[in-house]
1. Give the residue that is nearest to Leu80 (Cα to Cα), with candidates limited to residues of the stretch 1-55 that are of a type in the set (Lys, Arg) and outside any strand (DSSP E or B).
2. Against the condition in contact with a helix residue (DSSP H, G or I) (Cβ under 9 Å, 6 or more places away or on another chain), surrounded by fewer than 14 Cβ atoms within 10 Å (Cβ to Cβ) and on the phi < 0 side of the Ramachandran plot, how does Phe144 come out, does it pass?
3. Failed condition for Glu188, given (1) surrounded by fewer than 15 Cβ atoms within 10 Å (Cβ to Cβ); (2) assigned to a helix (DSSP H, G or I); (3) modelled with pLDDT of 90 or more; (4) not polar (S, T, N, Q), with all others met?
4. Is there any pair with a first residue in the stretch 101-124 that is under 15 Å from His182 (Cα atoms) and a second that is of a type in the set (S, T, N, Q) whose Cβ atoms are under 7 Å apart and which are 6 or more apart or on different chains, and what are they?
5. Restricting the stretch 27-46 to residues that are closer than 15 Å to Leu15 by Cα and not hydrophobic (A, V, I, L, M, F, W, C), which is surrounded by the fewest Cβ atoms within 10 Å (Cβ to Cβ)?
6. Taking only the stretch 163-185 into account, find how many residues are within 22 Å of Val143 (Cα to Cα) and either without any contact (Cβ under 8 Å) to a residue 12 or more places away in the chain or in a loop (DSSP other than H, G, I, E, B) (or both).
7. Considering only residues that are of a type outside the set (D, E, K, R) and closer than 13 Å to Gln46 by Cα, look in the stretch 13-26 and name the one that is surrounded by the most Cβ atoms within 10 Å (Cβ to Cβ).
8. Among the strands (runs of 3 or more DSSP E) confined wholly to the stretch 56-115, which include 1 or more residues that are crowded, with 20+ Cβ neighbours inside 10 Å, modelled with pLDDT of 95 or more and within 16 Å of the chain's Cα centre (by Cα)?
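The values are calculated or read from the model by the stated rules, or taken from the named source; none is laboratory data. Here the structure is a predicted model, which is why all the values come from computation and not from measurement. Positions of Cβ are backbone-derived with ideal geometry, glycine not excepted, and every protein chain shown enters the neighbour counts.
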Amino acid sequence: MRIGIIGAGAMARALGGGWVAAGHEVRIGARSSAAAEELAAAIGAQAGSIRDAAEFGEVVLLALPVDALDEVLRTVGGLLDGRTVVDCTNAYEPDAAAPEGATAFVLSEEAVAERIAAAAPGAHVVKAFNLCAAEVWESDARVFEQRRLGVPLCGDDPDALARVAALVEDLKLQPVSAGGLHRAKYLEAVSVFTVGLWFAGEDARAIFPPLEAAFAVVDQ
């Protein structure tokens with residue numbers, strides 16, 4: 001598969017490197033051409049401009065700060081039409097109400113994925129890879145407590161979801177169907193909540209029982 005990645009940071013390195021290793025063609029585009037070339041050389045990808053990456057990819061990963069999205073989406077214009085666009089971003093800011101000395105975050109913006117879809121109406125946006133840090137995706141660890149790490153996917157287009165699910169599996173991860181794009185804001189909220197727990201030294205995984213122990217009946 002041809003994958004365009006817009007961004008040259010840690011997420012671009014982790015996911016792009018994994019996909020190159022899985023046999024995909026990857027082209028990196030970034031606001032800094034030097035950064036794009038450096039990352040491409042490091043992971044065995046190609047480098048180009050932001051527009052090059054958007055035009056190259058059957059799938060385009062947006063791996064950049066949220067405050068850069070507007071500029072990038074203006075730059076690519078209609079090049080994303082008909083393409084699968086993966087949004088792995090999170091809009092975090094420090095929680096001003098947190099106790100002194102504590103590290104906590106809140107969302108600076110809700111529903112980033114929906115904003116991307118509104119700005120690029122011809123694209124098929126899928127929210128994915130936003131729950132874990134880049135170091136997790138770059139690690140070889142894929143199974144925890146005998147369960148493969150899952151990647152929730154939110155999107156509206158079945159073909160786009162299937163493409164992203166295949167890319168998840170190529171990283172030896174487990175795709176998890178999480179509903180339409182309107183549910184992506186819940187993934188974004190889960191991310192900021194769990195990251196706050198991790199920074200506080202709490203085990204976010206410990207707050208959920210395994211599926212077989214969950215009480216999965218809706219209260220009447």
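1. Arg51
2. yes
3. Of the numbered conditions (1) surrounded by fewer than 15 Cβ atoms within 10 Å (Cβ to Cβ); (2) assigned to a helix (DSSP H, G or I); (3) modelled with pLDDT of 90 or more; (4) not polar (S, T, N, Q), the odd one out for Glu188 is (1).
4. That search, which allows pairs on different chains as well, returns Val112/Thr89; His124/Thr84.
5. Of everything passing the filter in the stretch 27-46, Gly44 is surrounded by the fewest Cβ atoms within 10 Å (Cβ to Cβ).
6. First, pick out the residues of the stretch 163-185 that are within 22 Å of Val143 (Cα to Cα): 164-178.
Going one step further and asking which of them are either without any contact (Cβ under 8 Å) to a residue 12 or more places away in the chain or in a loop (DSSP other than H, G, I, E, B) (or both), we end up with 169, 171-173, 178.
Of the residues in that region, 5 qualify.
7. So, considering only residues that are of a type outside the set (D, E, K, R) and closer than 13 Å to Gln46 by Cα, the one surrounded by the most Cβ atoms within 10 Å (Cβ to Cβ) is Val26.
8. Answer list for the stretch 56-115: 59-62, 84-87.
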